[in-house]
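Accompanying notes for the structure given below.
Values quoted throughout were computed directly from the atomic coordinates according to the rules given, and no laboratory measurement underlies them. Just so it is clear, the model here is predicted, and its values are computed rather than measured. Every residue, glycine among them, receives a Cβ derived from its backbone with ideal geometry; neighbour counts consider all protein chains shown.
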Amino acid sequence: MAKGMGGARQPLARQRPKVAAGKKALGRVGAAPTKKRTTGGPPPKAKVPPKPKTSATIPSPTLTKSRKAAAGPAAKRRPIKQLSGQALTAHATAVWDHLAALYPDAHCELDFRSPWELLVATILSAQCTDKRVNMVTPHLFAAYPTPAALAAATPQAVEEIIKSTGFFRAKAKSILGAAAAITDRHQGEVPPRMEDLVVLPGVGRKTANVVLGNAFDINHGVVVDTHVGRLAIRLGLTSETDPVKVEQRLMQAFPQERWTLLSHLLIWHGRRVCDARKPRCGDCSLRHICPSSLV
Ligand code: SF4
């Protein structure tokens, strides 16, 4: 599992306009007429609209990335032609065949023994490595083995255990809230339905897809984390940067029974070969079918 698996859904690219708001406003159609300056002195200051307030959540690593940054250096060389229909399906099949041959053992790298443990581990994995989460969760589940036990814990006690995963206050709030909701509404069992999962505290579509796919063997969607989003662009599977649109596109390109494993294959390749900043195209067995190959 990659960094950011349990974070809030955010577009991969959210670029700010390059021109200052005040400069644009002068020539905008429909803007209020401005008075001509007849005397000297400093020019009037342009009004800068206030920044929208955001709630305190675990930031997504994709939030600050532009489209090019999301795709990395491999995407800067030339525009990638967007495939559709049969051409997309054929390309997706070729990508699958290569990745499946490369990583026959690809799987979720978060340790878990139950849907509940995977749900908690996925929430903790936001902005954190799976390795670190796997070091923390045994202590957490030894102290609080069930959702009911965790729901009765104090935030301070939980924060202390999960501190090293980062953003521990927000994460403690999420897992305590999820524990309480699962105890109260679902008799202590994680519900195996997307619509029930996404209303739990700290659980978005991505986390729900992780749980459904890996704990329940339900291919409800494709987990789109930073690796999956980046590789989907580099491999010419999509030009979208919004995780929801990337997921839709991948769901069109690949048969449903492959959705859960597809994300693991892309994540494994992203971690081992197709690095965000330095993709090792020379060592990549997909370079012949990859439109972003640098070799
Ligand atoms: S050739 Fe391989 S390493 Fe290079 S961009 Fe494509 S998938 Fe990534």
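Report, in whole Å, the centroid distance computed from the Cα atoms of segment 249-278 and segment 92-141.
Cα centres, segment 249-278 to segment 92-141: 13 Å.
Express the C-alpha Rg of segment 127-265 as a ratio against the empirical globular expectation 2.2 N^0.38 Å, rounded to two decimals.
Values: Rg = 16.4 Å, N = 139, 2.2 N^0.38 = 14.3 Å.
Against the compact-globule rule of thumb, the ratio is 1.14.
Order by neighbour count: Asp184, Asp111, Asp105, fewest other Cβ atoms within 10 Å first, most last. Don't skip to the end; give the middle numbers.
Details: Asp184 12, Asp111 15, Asp105 6.
The most exposed by this proxy come first: Asp105, Asp184, Asp111.
Simple spin-label model, 7 Å along Cα-to-Cβ: Ala100 to Ala152 in nm?
Here the modelled spin labels are 4.8 nm apart.
Take the alpha carbon atoms of segment 66-217, find their radius of gyration, then divide it by 2.2 N^0.38 Å using N residues; give the quotient.
Numbers: Rg = 18.8 Å, N = 152, 2.2 N^0.38 = 14.8 Å.
Computed over Cα atoms of segment 66-217, the ratio equals 1.27.
Remind me, relative contact order of segment 115-189 in percent, using alpha carbon pairs under 8 angstrom and six or more residues apart? Walk me through the numbers on the way to the answer.
Working: 67 pairs, mean separation 26.9, N = 75.
Value for segment 115-189: 36 percent.
Mind putting a number on the dipole of segment 115-189 about its Cα centre? Charges go on the C-beta only, +1 for Lys and Arg and -1 for Asp and Glu, and I need it in Debye to the nearest 20.
The calculation lands at about 240 debye.
With +1 assigned to the C-beta of every Lys and Arg and -1 to the C-beta of every Asp and Glu, and no other charges, what is the dipole magnitude of segment 195-295 about the Cα centre in debye, to the nearest 20? Each step should come with its number before you reach the end.
On the way: 13 positive and 10 negative charges, 121 e Å.
Here segment 195-295 has a charge dipole of around 580 debye.
In nanometres, what is the gap between the two model label sites at Ile289 and Ile218, each 7 Å from Cα along Cα-to-Cβ?
Distance between the two pseudo-spin positions: 3.1 nm.
Evaluate the Kirkwood expression for the hydrodynamic radius of segment 115-189, namely the inverse of the mean inverse distance over all pairs of different C-alpha atoms, and round to one decimal in Å.
Details: mean 1/r = 0.0837 Å⁻¹.
Kirkwood radius, segment 115-189: 11.9 Å.
Within 10 Å, count the other beta carbons around each residue, average over each peptide in 219-232, 147-160, and list them highest first.
Values: 219-232: 25.9, 147-160: 16.0.
Peptide ranking by packing, descending: 219-232, 147-160.
Can you give the extra length, in nm with one decimal, that the chain gains between Lys163 and Ala87 once fully stretched, where that is 0.36 nm per residue apart less the Cα-Cα distance?
22.6 nm
Show me 162-174, 233-245 ranked by packing, highest mean number of other Cβ atoms within 10 Å first. Walk me through the numbers on the way to the answer.
Details: 162-174: 19.3, 233-245: 21.7.
Descending mean neighbour count gives 233-245, 162-174.
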